[in-house]
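S.K.: Input: one structure, supplied below.
The values are calculated or read from the model by the stated rules, or taken from the named source; none is laboratory data. All of these numbers come straight from a predicted model, not from anything done at the bench. Neighbour counts run over all protein chains shown; Cβ positions are idealised from the backbone, glycine included.
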Amino acid sequence: MKSSKRYDIKVKQALKAVYNAKENHGPKIGEQFEAQVMRRVRALGPIYSRPDYLSLFEQFVWRLAPVTAALIIVLAAWAIQFDFASEFEMATIFMDDPISFNLIQQLVI
């Protein structure tokens, strides 16, 4: 840990020295240099990369996120309104005693 702190201090001192030297004796960069850099950048050309399949659908996912949230809210309100819990309780009673469930199912059919 100490070596990391010493390294940070040395890097900061070196950066300060370079910054101060640049103000006093730094080379002047003219338009010639900028033109050469831009010429080299243009010579590199565009970077061709294949997009991921997931990134192609990213815009659709973000467009559907609010709709999905609204749908969840509407379905939750619907479940509360129509007392979904009582139907769930009835289903668990039937599933706990499968023999009675089969008898009731045969009587209904």
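S.K.: Output yes when any residue across segment 73-81 is at pLDDT below 70 and surrounded by fewer than 10 Cβ atoms within 10 Å (Cβ to Cβ), and no when none is. Explain how you work it out, then say what you get.
M.R.: Taking segment 73-81 as the starting set, the residues that turn out to be at pLDDT below 70 are none.
No - not one qualifying residue is present in segment 73-81.
S.K.: What number goes with the only condition from (1) modelled with pLDDT under 85; (2) surrounded by 10 or more Cβ atoms within 10 Å (Cβ to Cβ) that Ile99 does not pass?
M.R.: The one condition Ile99 does not meet is (2).
S.K.: Right, something else. Quick check on Glu58: is it at pLDDT 80 or above, among the charged types (D, E, K, R) and out of contact with any Phe, Trp or Tyr (no Cβ under 9 Å at 6 or more places or on another chain)? If you could, list the steps in order and put the result at the bottom.
M.R.: Working: at pLDDT 80 or above: yes; among the charged types (D, E, K, R): yes; out of contact with any Phe, Trp or Tyr (no Cβ under 9 Å at 6 or more places or on another chain): yes.
Spelling it out, Glu58 is indeed at pLDDT 80 or above, among the charged types (D, E, K, R) and out of contact with any Phe, Trp or Tyr (no Cβ under 9 Å at 6 or more places or on another chain).
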